[in-house]
Structures are given as C-alpha cells and as structure tokens.
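Worksheet for the structure shown next.
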C-alpha cells in the first residue's frame, strides 16, 4: 500500500521536478574580451556550446574550435597556438544549482547567487567564483547570466605560452593575459 501511495505521489508531482534541462545553443552565448597593445579591446565568442542541468548538477561544454573573432586567420591561430585544439578540443564548466530555488521561481521571477564553478581548460582544472542571475522565462525555460564579467587568468590554465606565441606572430608588443568572460545560458526542458 505504501509503495502504491508513493508511486501515486510521484506521478502527480510537477513534470519540472523530474525533468532534465538542456542548454539551447542557438539562444545561449559566451563572450570574452582580448586586449592588445594595452588599449585595443575586442569582443570574441564561441559558437558551439552544449550542456545540461540534472539533479542540481550543471555542466557546459565549450567546443574550442568554435572560437569566433571576426578574423579567420586569428581564429585559426587561437585554435592551434592558444587552445591547442588537437590536444584539448573542449573546455568544461561544472557547478551545482540549488534546485529548490529554481523550482520555487514563478515565470518572470529571478534570483542572484554566487556560484563556485570548476573550469577544465587546457588540461587544467580550477575553481572560480562568480555572481549569476537565474531567471525563469517559462515553465520549461530558464536563463543563467553572469552578473558581471568573470576574469580568467591565462597563467591559471597554462595558456601564457600560447598568448606569447600569438603576440609574436602578430607582431604585437603585448596581449593581456587576464580575460573578462560573460555568458547568457538558456536551458530548456
């Protein structure tokens, strides 16, 4: 009898309590800014993101070959010299989301929180904290935004040599090794 009652309760729980969320690549974005010659800033992005949110565990996979800078030769150089995509084709970001807060949101409501994420990039894993905003767009859609840019330091991920190689090939005196990153991640059920 208890098993039947438990099964009945599970059937009547809202669908969202059981559903997995999938990152919508078409509606999501991840941008970063590079600064060269100490004064020239340029915005770049990755065009291929994948991810999921399941049982409070969120993950995002960045296809590093999808780097887009508006200059094809620079894209190719970043792929080969900086990211070394043959050896390190993807970067991953993992964190936990408070499911109870997410489930309690009504459409249009939002909350802000500080998340600690684990970033695996160029074969190195590091924890970084950042403030995010979570907004419920509809019954089956949420968005997670960076509240402010998150600074990624090249040295933390053994990318300094790649930045130096890019500066040398482009005949630049310097390219910044601290990069601000922003994101807008839309998850749907």
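Nothing in this text is a laboratory measurement; each read-out follows from the coordinates by a stated rule. Computed from a predicted model, the values in this text were never measured in an experiment. So basically every Cβ, Gly included, is an ideal-geometry build from the backbone, and we count neighbours across all protein chains shown.
For the stretch 31-125, the relative contact order works out to 23 percent when only alpha carbon pairs closer than 8 Å and six or more residues apart are counted.
Relative contact order for the stretch 28-188 using alpha-carbon pairs under 8 Å, separation at least 6, rounded to a whole percent?
On the way: 337 pairs, mean separation 40.2, N = 161.
Over the stretch 28-188, the number comes to 25 percent.
Return one number: the angle in degrees, 0 to 90 and rounded to the nearest 10, between the long axis of the Cα atoms of helix 2-12 and the longest principal axis of the Cα atoms of the chain. Taking Cα atoms only, the helix is inclined about 60 degrees.
Spacing of the modelled spin labels on residue 99 and residue 120, each 7 Å from Cα toward Cβ, amounts to 2.2 nm. Against the chain, whose longest principal axis comes from its Cα atoms, helix 160-169 is set at around 50 degrees.
Quickly estimate the mean residue ellipticity at 222 nm for the chain, helices only: each DSSP H run with n ≥ 4 gives -39500 (n - 2.57), and the total goes over all residues, rounded to 500. All intermediate terms of the calculation are to be shown ahead of the outcome.
On the way: 4 runs with 33 residues, N = 189.
Calculated from helices alone, the mean residue ellipticity at 222 nm is -4500 deg cm²/dmol.
Distance between the C-alpha centres of the stretch 168-189 and the stretch 81-151: 16 Å, rounded to the whole angstrom. With one equal scatterer per alpha carbon and no solvent term, the Debye-computed log10 I(q)/I(0) for the stretch 28-188 at 0.11 1/Å reads -0.47.
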